[in-house]
Amino acid sequence: MYDDLWKLKMLIKGLILLWYCHIALGYDAGSPWKNPSTFCVLDIRSNVTCWGGEGTGGKVPSNATNKGAVAQLASSADAVSALHTNGTVSTWGAITDSSIPDSLANVNMLASTGSAFAATYTDSKDGLIHVAVWGSISFGGDLGEQDPTGVEMVYGNFGSPNPMPLPQPQP
């Protein structure tokens, strides 16, 4: 009986989270989620489920799920990026993992514009927080010769810089 109650409790929490994500992350002018053809949710175990346009992030690829639990999602108009709890990043849709800087690790947060992503990360050499970008150059996907250090936060007009706190799994 305890198992059935626990399962029911998890189902209710999942439905509430799905409803919340639909409201908070759905395409609307006041939302940080700006992908017009894809929805994504984080479940109570920090797994990602997406649906909608496959070319805009509606299907989570296996290389993204293989990286483990997700702490934050950000969207552009044509892609989705996930910050994993191990400090790595996955991106899918029109922008893919192949455009993420090779050495990107120890990521702290994500932000996005219409067609590019930015991440703050802690550099293992100098211990400072830097910024990495990827995606369309005309949407901010190239820093050029700039190397911002000691960064507190990156702001874009699409992705939320603050990950949504997730409920912790119950035993």
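The values are calculated or read from the model by the stated rules, or taken from the named source; none is laboratory data. Keep in mind that this is a model prediction, so the values were computed, not measured. Note that we place each Cβ from the backbone using ideal geometry, even for glycine, and neighbour counts take in every protein chain shown. What goes into the accessible areas is simple: the full protein's heavy atoms, side chains included, and nothing from ligands, DNA or RNA. Shrake-Rupley method; radii C 1.70, N 1.55, O 1.52, S 1.80 Å.
Worth a mention:
- Computed extension length for T85-S124: 12.3 nm, one decimal, from 0.36 nm per residue of separation with the Cα-Cα distance subtracted.
- Annotation: extensible slack from D97 through L143 equals 14.8 nm (criterion: 0.36 nm per residue apart, minus Cα-Cα distance).
- Rounded to the nearest 0.05, the FRET efficiency derived from the C-beta distance between V151 and R45 at R0 = 25 Å is 0.25.
- Summing charges over all other residues whose Cβ lies under 15 Å from the Cβ of T113, with Lys and Arg as +1 and Asp and Glu as -1, gives -1.
- Accessible area ranking (1.4 Å probe, heavy atoms, ligands and nucleic acids excluded), largest first, for K67, K125, K59, K34: K125, K59, K67, K34.
- Label point of K59 set 7 angstrom out along Cα-Cβ; within the stretch 96-136, amide nitrogens under 20 Å from it belong to 96-99.
- Cut-off 12 Å between beta-carbons: net charge of the residues surrounding V131, Lys and Arg +1, Asp and Glu -1: -4
- Largest to smallest accessible area among T91, T56, T96 [probe 1.4 Å]: T96, T56, T91
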